Structures are given as C-alpha cells and as structure tokens.
Amino acid sequence: MRFSEGWLGEWVDHGCDRETLVHRLTMAGLEVEAVQYLGGGLDGVFVGRIEDCQAHPNADRLTLCTVDVGEGEPRSIVCGASNMGPGDRVPVAVPGTLLPNGLTVERTRLRGQVSEGMLCSATELHLGEDSEGLMILGGDAPVGSPLRDYLDLDDAVVELDLTPNRGDCLSIAGVAREVSALADRPLQAVGPEPVPPDGEARREVRLEAGADCPRYLGRVVTGIDATAETPAWLAERLRRCGIRPVSPVVDVTNYVMLELGQPLHAFDDERLTGEVTVRHARSGESLTLLDGREAELGEGTLVIADDAGAQAVAGVMGGEATGVGPETANLFLESAHFRPGAMAGRARQLGLASEAAHRFERGVDPELPRRALERATALLREVVGGAPGPVIEAENASELPDRPAIAFRPAYADARLGTGLGAEVMADYFRRLGLAVEGDGEQWAVTPPSFRFDLGREADLVEEVARLHGYDRLPAAPPAGSLKTRALPEARVGDRGLRQLLIDRGFREVITYSFVDPDRVARLDPDARPLALANPLSREQSVMRPDLFSGLLEMAAANQARQNERLRLFELGRVFPRSENGAIAEREALGGLLAGPVDPPHWAGEARDVDFFDAKGLAEALLARTGAEAARFEAGEHPALHPGQTARLRLGEEPAGWVGTLHPGLMEPLELAGSVAVLQLDLSVLRRHIAGIPAYQAVSRLPVTRRDLAIVVPEGVTAAAVSEVVAAYREAGEGTLDVMDWRIFDVYTGRGVESGQKSLGLALVLQARDQTPTDEQIEAVVSGVVERLASALGARLRS
C-alpha cells in the first residue's frame with residue numbers, strides 16, 4: 001500500500017515528523033518498507049509547452065520539437081517519444097539538471113540536430129513506476145513554472161508492507177484511522193455529503209448470490225463527458241499511490257478506492273439490458289474481459305449480469321461489452337459488498353490481478369458502499385459532469401457480516417504482555433481504535449467496528465493493546481520457568497537415524513512442495529483423487545500430494561536435464577493419500593529414488609544400472625534400522641511402477657509402502673531416461689511395529705556349520721514364503737542347534753526339474769548352544785526344516 005504523506009495530512013493532523021511517523025507505524029505492525037521524497041532532483045525541471053513537432057531529418061524514430069519554457073525564446077529539443085503533439089504541456093529538464101535517475105542533462109547534438117534540454121517521462125522523474133512516453137501535464141499548467149511547484153511535490157510517498165489480515169489499511173482513510181489512534185488526534189471531516197438525485201434515470205438490481213453478496217448499490221449518471229480531462233491534482237495523487245491515470249471515469253473510481261478502500265465499477269449504462277443481477281456463473285458461461293482476454297467462468301464464480309448474460313466478474317474485472325469508452329454518455333455505477341471467502345483466489349484462477357480483488361479478498365467494510373458511491377458521484381459531477389439518478393440498493397440484511405462482542409480481560413492482557421497498563425489505559429486504546437466497550441469489571445464485552453475483519457477473539461484484542469502501546473515499549477525480560485527433558489522411547493528410531501543411514505549410502509535429501517500438479521498425480525496414479533486446494537497458488541500447485549513419488553521424479557528429471565545421471569535422492573515429509581472410505585489421511589513418509597549406474601565409473605569393471613533389487617535392498621536396510629518386525633514384500637501392482645518389478649511392503653497385515661522400478665510408459669512423459677527405481681515407506685506404520693529394544697546375547701565359542709540344500713517347490717512359491725517357514729522353525733526352538741541364518745543362493749529351472757517346479761539352493765547356518773554338534777544333531781535340524789517346508793509349501797529335496 002502506497003500513500004502520499006500530504007494526502008494523509010488532510011485526514012489527520014498527527015503532529016509527527018516523517019521519521020517519527022514511520023517509526024510509529026512500523027512499531028504498530030504496519031511495517032514501512034520504503035519512503036520516497038518526491039521533490040529531489042527537480043530543480044531544473046519546468047513546465048514547457050510544445051509549439052511544433054517535426055520528424056527528425058536523419059532518424060526515423062526521433063522527433064524535433066520546439067518547446068516554450070517561458071524564457072522568451074523557444075528551445076529546440078530532440079525527443080524519442082511519440083505520445084505528444086503541439087499544444088501539450090510536458091516537463092522540460094534544461095541543460096545542467098541532475099535528474100532523480102542520475103542522468104545529467106546537457107546541450108548536445110543528436111544525429112546532427114541541436115537538443116537544448118530533455119522532455120521527461122514520469123519514470124525519469126521518479127514520479128511513476130512505469131510510463132508510456134512523456135508525462136503529459138494538464139492544460140492549466142503554467143508555462144515556465146517549476147514542476148515541483150505545479151505538482152506540489154514537497155511531499156513523500158510511504159510504502160507499507162501490510163499483512164493479509166489488515167485489509168482495512170488499504171486506503172488513505174484506513175491508514176489515517178491508525179495514525180489517529182496512535183497519535184490520539186481526531187480524524188478530519190473528509191467525507192462525502194449525499195448527492196441528491198438530479199434526474200429519474202434508474203436501473204433495478206437483484207441479489208441471487210446469498211451471503212456472497214448481501215449488499216449491492218447502483219446509480220445511473222446521465223449526460224457525462226467521457227472525453228473530459230482528469231484534473232492534474234487527481235491524476236497526480238493516483239500516480240503517487242502507484243496507479244497510472246487511464247480515463248476520467250476510471251480515475252475517479254480508482255481515486256475513491258484509494259481514499260476510502262471501496263472498489264467501484266462503472267458500466268456503460270446504454271450497453272446494459274434489463275435489470276442488473278448479482279449471481280453465480282452458470283456452467284459453461286464465459287466473458288470477454290476489459291483487457292480482451294476470454295475468461296471461462298467456473299461454477300461458483302460471482303458475476304454481475306444483465307438480461308443478456310454475465311457482464312463482469314464481481315470484484316475482479318469488468319467485461320469488454322459494457323466497458324466505458326470515450327463515446328459513453330450514461331454510466332451505471334456500482335458499489336457492493338462481497339464476502340471475502342467468495343472472492344478468495346478467483347482472480348488467480350482467471351490469471352488476473354487487480355487492486356479491487358486484492359481488497360475484496362481481504363475484506364471491505366460492509367457499511368462503506370453507500371458512502372463510496374456518494375463520494376464517487378460528487379467527483380464524477382466535478383470531473384465529467386452529468387445528472388445522477390436515485391441510489392438503488394438491494395440488501396439481504398440477514399446475510400450481512402455479524403460483529404459479535406468479544407470477551408476481554410484486562411488482567412489477562414497485562415499478564416500476556418508483561419505490562420502493567422491497567423484497565424483505564426486499555427479502555428482508552430480501544431476508544432481510539434473505534435472499538436465499543438461494555439462493562440467495567442474484570443471482564444469486558446468488546447465489539448469491533450465493521451471494517452475490522454481481523455478481530456474475532458481475545459488474543460486479537462491483546463494484540464491491539466500491544467500495537468497501540470508500541471511493540472518497542474513492551475518489556476523484554478526473558479521468560480522464567482523450568483525445563484524438563486522428555487525421555488523418548490529407547491526403541492524408537494528418529495528421523496535423524498534414517499537420514500544418516502541414507503546419507504552414508506550416498507543419498508542427498510531433497511525438500512519438495514506438498515502442493516503438486518494434478519496432471520502429474522493423475523499420470524502416476526489415476527485413482528489417487530488428491531485433495532484439491534480451495535485457494536491454490538497456481539494450477540501446478542493446486543492439490544495436496546498423495547505420495548512422494550511426484551516430487552522425487554520431478555527432481556530427477558531436473559537433474560538429468562543438467563547431466564546428473566547417477567542420482568540418489570530421498571525425502572522425509574508428509575503425504576495426504578485418500579483412504580478406502582474416501583477420507584483424506586495425513587501420514588509421515590520416507591521416499592527414495594535411485595537412477596543411473598549403481599557405482600561411479602571405474603576402470604576395473606563394467607557399469608550396472610540400478611534395478612528393483614537395489615531399491616528393495618535399501619528398503620530392507622531402512623527396516624533393519626527401525627527394528628520393524630514381521631516385514632514382508634509381496635508382488636503388487638501400482639500404476640506408476642513396472643509390472644512384475646513392483647512389491648508391496650507389509651508389516652503384519654498392514655500395508656507399509658511400495659518398492660519398484662518406474663513404469664516404462666512414464667519415462668518419456670516425465671522426461672526421464674535410463675533406469676529409475678523408487679520406494680516409499682509409511683513411517684507411521686513402521687513405528688507401530690518396532691520389535692523392541694535389542695537384547696544382549698553371549699557370543700558362542702563353538703563353530704558354525706553350514707548346510708546347503710537343493711529343494712524343489714512349485715514355481716509360484718516366493719522367497720519370502722520360504723523365509724517365513726524357516727523363521728517359524730527357528731522361533732519354535734526345536735532341536736539342539738540354532739538356525740542362525742539362512743539364504744537362498746540359487747534358483748534353477750530346466751533339465752532335471754519338472755515343469756511347473758523350480759529348484760532353490762537354500763543355505764542354513766547352524767550353531768550349537770553348548771557343545772560341538774554331532775552329525776545326527778545337524779541332520780535332525782535339516783530334516784526338521786525340510787519337513788516344515790514340505791508341509792507348508794509342498795517342498796521336497798531334489799534328488
């Protein structure tokens with residue numbers, strides 16, 4: 001929010017110098033981002049009148065101008081702009097002038113023609129942020145007078161960095177209210193008197209949007225001169241607040257918005273048909289906007305319509321068909337209250353950004369529309385003339401925002417702030433802020449004014465006390481108290497341990513957005529149905545991620561595009577999948593991605609690309625680190641993963657993650673190359689299946705014994721099934737030897753093995769508990785394992 005210090009002074013005589021004003025605003029939570037003094041560097045800039053313009057004889061894009069600067073003899077000045085003509089009054093910098101942009105103006109020759117000065121744009125004079133050509137002054141500008149005097153440039157522009165909850169300060173009136181409260185000075189009587197009707201022209205209005213628009217006012221103004229010139233004082237105030245003057249009608253509506261905080265919109269009344277209706281857009285409805293863009297209006301978008309259809313996106317931008325132009329003779333002026341929730345994100349959804357939408361999204365005083373309409377009517381009569389008709393108001397009183405009283409305890413506020421202000425001082429602060437106070441005991445009922453949407457609970461009122469007192473005046477004593485360390489469960493492995501394991505294996509941690517592209521999610525999992533954001537930053541960040549795959553794959557594509565082929569990435573973060581009953585769950589997950597060669601290039605061996613088993617091995621290492629028990633991998637299907645190279649991780653009967661290689665059909669759409677393997681573990685499930693604290697066991701002094709078995713099993717039997725049977729045998733503790741370890745080291749099908757069967761090489765590592773084992777004891781354990789396998793899986797020893 002930019003405002004002119006001089007304009008503010010018309011609203012409140014605060015009695016502060018500039019430095020004090022800036023400090024007090026900042027300490028009250030309205031942070032001053034910049035202060036720009038306007039009169040600097042303009043000592044040699046005067047008002048000039050262009051007497052003649054001729055094409056430069058030696059340059060196509062230059063113009064040779066004859067300019068009267070009040071010196072008797074006109075000056076010859078070469079100019080590169082094209083928006084001026086004879087009779088225009090423009091700023092002229094004479095030779096020797098040091099402009100605010102650092103340029104020194106000199107008498108020079110340009111393409112053979114003498115140039116005795118410089119015609120200036122608003123940007124070059126630091127009077128505007130952008131400009132299209134020269135700064136054209138009003139026709140009343142006295143030739144030869146200093147530009148600083150004509151534009152009253154002994155002023156400064158203050159720029160505030162407002163937080164989103166302070167939409168009430170997006171106007172001169174709002175900032176003046178704050179300054180009045182801070183300085184305890186009264187507001188000046190700057191306000192519109194009601195403009196009585198000067199005709200019978202009217203247009204009826206109707207509300208059909210419920211609480212989204214509970215109040216709408218309209219007024220017809222006939223017989224205006226839309227070609228009139230915007231007064232210099234008005235145009236200059238707009239420029240100082242960062243808005244470029246456009247046309248007299250638009251300038252008046254922008255001026256009232258800056259002054260009072262109420263956005264307005266003017267329609268060409270002759271282009272409207274029938275009554276004006278505020279409603280929601282219908283399915284498939286579209287509108288050509290004032291900037292020429294075609295907007296597809298989604299259902300729920302609030303529109304201003306007539307009998308012919310939608311004519312404006314409410315609170316955002318008007319339509320081209322009913323826009324005001326130089327030929328406009330009759331206006332329909334609107335002033336309305338729109339619910340902030342109905343406006344939030346609508347402009348961004350349409351790819352637009354407007355000052356009106358910026359204010360409506362944050363909340364505009366519902367009591368302001370009539371006042372703003374009267375102010376705009378008065379200014380329009382002054383600038384473009386015309387006869388106003390009666391004000392037509394449609395209101396749904398039951399849907400207007402309610403301002404319930406807030407319970408407030410002065411003693412609680414003092415305790416929270418560490419102050420001893422007392423009830424009397426706080427009551428005075430609330431009086432200055434326009435808050436109504438009832439009660440004088442330990443608890444008050446405080447009612448906020450209609451323009452303070454941000455006040456809704458006691459903590460907000462405590463903040464108001466702190467702001468008005470000044471954040472810099474609050475006690476800075478450190479808090480007193482005792483700290484107690486909380487012992488974490490010894491069996492729980494924290495995130496740091498998992499991170500360290502991955503980093504030790506050469507992985508790099510990435511952090512990606514929780515907001516992702518719905519198209520990317522649909523490509524990875526068409527059935528995901530991610531949670532859509534009500535107010536997204538952009539379409540590419542409009543849904544919550546259901547998994548970590550989308551972010552990791554995007555990072556992999558970005559790295560591969562920069563010739564980083566060997567990738568080891570991981571992320572710890574929250575995901576938001578949809579459960580089987582349709583509800584959204586928030587879970588903590590760990591995701592990993594491997595791409596490219598397993599090892600860096602080396603002269604001693606050939607490179608091998610990562611595969612499914614590399615990812616599975618990583619998952620097993622992470623499971624071992626967490627101490628999770630009863631883990632098993634099952635063949636599964638995931639839309640993003642390669643069929644036949646996908647495993648579903650389960651802990652007990654709970655699904656706990658996925659491991660697999662990326663589906664070949666996704667490589668090109670995701671701009672990936674080579675081999676890519678991914679995994680995701682549900683840490684919430686892992687931490688529910690911790691085996692417990694590891695216990696010490698004495699190391700046996702007896703040697704271990706290994707027996708290799710060749711067993712034949714049906715082809716569909718998995719390695720996990722075999723491992724579960726052997727593990728069950730070990731847990732049973734049968735025999736005098738312990739099964740210390742087991743491994744499947746070979747798989748064979750073909751000659752000597754029946755069709756539909758396969759031969760597995762199974763290694764058993766055995767160790768006696770208290771004495772050297774005999775062959776009989778070893779054979780008893782081997783036979784016990786084989787019998788268990790035969791019973792559970794139909795296995796037999798290969799002959």
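The values are calculated or read from the model by the stated rules, or taken from the named source; none is laboratory data. No experiment lies behind these values; they were computed from the predicted model shown. Neighbour counts run over all protein chains shown; Cβ positions are idealised from the backbone, glycine included. Accessible surface is based on the protein model in full, side chains and every heavy atom, while ligands, DNA and RNA are left aside. Shrake-Rupley method; radii C 1.70, N 1.55, O 1.52, S 1.80 Å.
Any idea which residue in segment 682-697 is most open to solvent (accessible area, probe 1.4 Å), counting only those that are of a type outside the set (S, T, N, Q) and outside any loop (DSSP other than H, G, I, E, B)?
The selected residue is I690.
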**Report entry** Qualifying position, being modelled with pLDDT under 95 and more than 29 Å from the chain's Cα centre (by Cα), among G422, G351, G319, G363
**Finding:** G422
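Can you name the residue in segment 586-605 that is in a loop (DSSP other than H, G, I, E, B) and of a type in the set (G, A, S) and, of all such residues, is farthest from E554 (Cα to Cα)?
Ranking the candidates gives A604 first.
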Report task. With the checklist (1) touching an Asp or Glu at 6+ places or on another chain (Cβ under 8 Å); (2) assigned to a strand (DSSP E or B); (3) open to solvent by less than 40 Å² (accessible area, probe 1.4 Å) in hand, flag the one item V47 doesn't pass. Result -> (1)
Requested in this report: Would you point out the residue of segment 647-661, among those that are open to solvent by 10 Å² or more (accessible area, probe 1.4 Å) and in a strand (DSSP E or B), that is nearest to E629 (Cα to Cα)?
Outcome: R650
Query raised in the report: Just for segment 454-474: of the residues that are open to solvent by 10 Å² or more (accessible area, probe 1.4 Å) and small (G, A, S), which one is modelled with the highest pLDDT?
Result: A459
Query raised in the report: Hey, among the residues in segment 750-799 that are of a type in the set (S, T, Y) and in contact (Cβ under 8 Å) with a residue 40 or more places away in the chain, which one's surrounded by the fewest Cβ atoms within 10 Å (Cβ to Cβ)?
Result: T772
Report summary line: Here the residues within segment 291-309 that are modelled with pLDDT of 90 or more, open to solvent by 10 Å² or more (accessible area, probe 1.4 Å) and under 26 Å from P248 (Cβ atoms) are D306
Report task. Kindly state which strands (runs of 3 or more DSSP E) lie completely within segment 72-133 and contain at least 3 residues that are farther than 21 Å from G39 by Cβ and in contact with a Leu (Cβ under 9 Å, 6 or more places away or on another chain). Result -> 75-79
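On the basis of being modelled with pLDDT of 85 or more and not charged (D, E, K, R), does V699 make the cut? Write out each step before concluding.
On the way: modelled with pLDDT of 85 or more: no; not charged (D, E, K, R): yes.
So V699 does not fit the description; no.
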Report summary line: Residue count, segment 167-177, condition open to solvent by 10 Å² or more (accessible area, probe 1.4 Å) and closer than 12 Å to G29 by Cα, comes to 0
Report task. Identify all residues within segment 523-541 that are at pLDDT 90 or above and open to solvent by less than 60 Å² (accessible area, probe 1.4 Å); write none if there are none. Result -> L524, D525, P530
Query raised in the report: What tally of residues in segment 181-198 results from selecting those that are in contact with a Phe, Trp or Tyr (Cβ under 8 Å, 6 or more places away or on another chain) and farther than 27 Å from G218 by Cα?
Result: 3
Report summary line: For D746, the lone unmet condition from (1) acidic (D, E); (2) outside any loop (DSSP other than H, G, I, E, B); (3) under 16 Å from S783 (Cα atoms) is (3)
Query - segment 761-799: number of residues that are within 20 Å of E724 (Cα to Cα) and in contact with a helix residue (DSSP H, G or I) (Cβ under 8 Å, 6 or more places away or on another chain) - result: 12
**Report entry** Members of segment 569-589 found to be modelled with pLDDT under 95 and touching a Phe, Trp or Tyr at 6+ places or on another chain (Cβ under 9 Å), listed by number
**Finding:** I584, A585, E586, R587
Query raised in the report: Conditions: (1) free of Cβ contacts under 8 Å to residues at least 60 places away in the same chain; (2) open to solvent by 90 Å² or more (accessible area, probe 1.4 Å). E490 meets all but one. Number of the miss?
Result: (1)
Report task. Assess whether S700 counts as being of a type outside the set (K, R), assigned to a loop (DSSP other than H, G, I, E, B) and in contact (Cβ under 8 Å) with a residue 60 or more places away in the chain. Result -> yes
